[in-house]
Every structure is written in structure tokens, then in C-alpha cells.
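Data block below; observations after.
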Amino acid sequence: MKSRIVERFKFEAAHAVIIDGKPEEIHGHTFWLEVALEGPLRNGYVMDFLELRRIVNEIIERLDHRNLNALFENPTTENVALWIAGEIEKRLPDGIRIQRIVLWEGEENGVEFEF
């Protein structure tokens, strides 16, 4: 049996994605992040939700209300999602791993990675 927990987060940021070598106009989004972690049940839970929230909030705090072009060479939603996943992975307890991450750029466009 696999056990997972899922948490959702929100942050605001601006970016100008580079398409065919040219940056588009800078614009902002409300980004919605969904993180699913997988691991064994220990004492009845995979991981404390409060601990997961602390970890992810520490990471997205670096992105919130920022121009993502100052942080990423090309701040596509894919690149941002993979960076967030890497940062989360570094902070997880042993035996817990990211199963899935979804990053929505507004309400209509999103990317999903399964690990």
C-alpha cells in the first residue's frame, strides 16, 4: 500500500518567459502549487502537514511577489516547478519523496510532474 499526503499553496509573482529567443511582456500571475508526498505510514501518518507547510512556505517565500526573471534564466512554469521540487526534495525526511508536483499559472495553465 502506498500512502500520500497532498497540500496546496499559493503565491503571486511576475515573469516574462523567453519564447524563440525573445522575452514576452512582463506580467503577473497567482500561482497555485500542489505537492503530493509519498512514504510509509509512521505513527499513523506519512508526514506532519505542519512540517510540510513550513518547508514549502520557506521555499515559495523566495518567489512570492517577485520578478521571477531575476531568479531564473527562463522562468517558465516548468522551470519554476522543477526548481521548487528540487528545493523540497533537499528538505524532506528520510523515506519521504515527492510523488507529484503541479504548478498552476493562474486558473487555466499548469504543469504537472510525476516522480
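A few remarks follow.
- Projecting the alpha carbon convex hull of the chain along each direction and taking the average yields 7.5 nm².
- Sorting the segments 78-88, 92-102 by their mean number of nearby beta carbons within 10 angstrom, highest to lowest, gives 78-88, 92-102.
- Note on the chain: with neighbouring protein chains present and a 1.4 Å probe, carbon and sulfur make up 48 percent of its accessible heavy-atom surface.
- Over the chain, accessible surface divided per residue gives 60 Å², non-protein components excluded, 1.4 Å probe.
- Between helix 77-91 and the chain: long-axis angle, C-alpha atoms, 0 to 90°, nearest 10: 30 degrees
- What the phi angles of segment 20-31 give under the Karplus curve with 6.51, -1.76 and 1.60, with θ = phi - 60°, is a coupling list of 6, x, 10, x, 6, 5, 5, 8, x, 9, 8, 9 Hz, glycine and proline written as x.
- Applying the Karplus relation 6.51 cos²θ - 1.76 cosθ + 1.60 with θ = phi - 60° to segment 54-60 yields 3J(HN,Hα) values of 4, 4, 5, 4, 4, 6, 6 Hz, where x marks Gly and Pro.
- Calculated SAXS-style log₁₀ I(q)/I(0) at q = 0.17 Å⁻¹ - segment 19-71, Debye, Cα scatterers: -0.72
The values are calculated or read from the model by the stated rules, or taken from the named source; none is laboratory data. Nothing here was measured: the structure is a model prediction, and the numbers come from that model. Heads up, the Cβs are rebuilt from the backbone with ideal geometry, glycines too, and the neighbour counts pull from every protein chain shown. The protein model used for the area step is the full one, side chains on, heavy atoms only, and it has no ligands, DNA or RNA in it. Shrake-Rupley method; radii C 1.70, N 1.55, O 1.52, S 1.80 Å.
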